[in-house]
Amino acid sequence: MTSATPAGTTTVTVLDSEFREVRTITSPQELALFDRLWSDRIAPAETTLRPLYKVSIYRNGLSVRWLYDPAGLAQVLSKAKKPVYRLQSVDDLNALMAISSHAN
């Protein structure tokens, strides 16, 4: 049985632009850190997102995929227009997800 964090997160999978797996986070300690870093985002940013990665977050039996720019920008993948959020602890989050802050 997979452990879940208080937020209900059981797995986080990071994919690159070619849908290759970069990292899957499953340990309770790393999931708790991810939840803390991911939830620390500010209101929608007016900026251009370069979605070099996809982040799939599995919570409570559901999956939500986000587009992620290593500059610390994230947007829910949806056919509808969704806001772009700016994450606060970009370096820590990128390190946890095993991606470069300066990806081309």
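For Leu31, state whether it is at pLDDT below 95 and surrounded by 11 or more Cβ atoms within 10 Å (Cβ to Cβ). Quick ask: steps written out before the conclusion?
Numbers: at pLDDT below 95: no; surrounded by 11 or more Cβ atoms within 10 Å (Cβ to Cβ): yes.
In short, no.
Checking the structure you have, find out if any residue of segment 36-45 is closer than 14 Å to Thr11 by Cα, at pLDDT 95 or above and of a type in the set (A, V, I, L, M). Please lay out each step first, then the result.
So the first thing to find is which residues in segment 36-45 are closer than 14 Å to Thr11 by Cα, and the list is 38.
Keeping just the survivors that are at pLDDT 95 or above gives 38.
Adding the requirement that they be of a type in the set (A, V, I, L, M) leaves none.
No, segment 36-45 contains no residue that is closer than 14 Å to Thr11 by Cα, at pLDDT 95 or above and of a type in the set (A, V, I, L, M).
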**Message:** Under 9 Å between Cβ atoms, which residue pairs at least 6 apart in sequence (or on different chains) link something in segment 79-93 that is in a loop (DSSP other than H, G, I, E, B) with a partner that is acidic (Asp, Glu) and open to solvent by less than 60 Å² (accessible area, probe 1.4 Å)?
**Reply:** Val84/Asp69
**Fill in**
Among residues of segment 34-60 being touching a strand residue (DSSP E or B) at 6+ places or on another chain (Cβ under 8 Å), charged (D, E, K, R) and in a loop (DSSP other than H, G, I, E, B), the residue least open to solvent (accessible area, probe 1.4 Å) is Asp40
**Request:** Mind counting the residues in segment 67-85 that are surrounded by 18 or more Cβ atoms within 10 Å (Cβ to Cβ) and over 13 Å from Arg50 (Cβ atoms)?
**Result:** 1
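Inside segment 26-38, can you point out the residues that are among the hydrophobic types (A, V, I, L, M, F, W, C) and either farther than 17 Å from Val90 by Cβ or touching a Pro at 6+ places or on another chain (Cβ under 8 Å) (or both)? Reasoning before the result, please.
Of segment 26-38, the ones among the hydrophobic types (A, V, I, L, M, F, W, C) are 31-34, 37-38.
Residues satisfying the conditions are Leu31, Ala32.
The values are calculated or read from the model by the stated rules, or taken from the named source; none is laboratory data. Given the structure is predicted, the values throughout are model-derived calculations rather than measurements. Positions of Cβ are backbone-derived with ideal geometry, glycine not excepted, and every protein chain shown enters the neighbour counts. We work out accessible area using only protein heavy atoms, side chains counted, and drop any ligands, DNA or RNA first. Shrake-Rupley method; radii C 1.70, N 1.55, O 1.52, S 1.80 Å.
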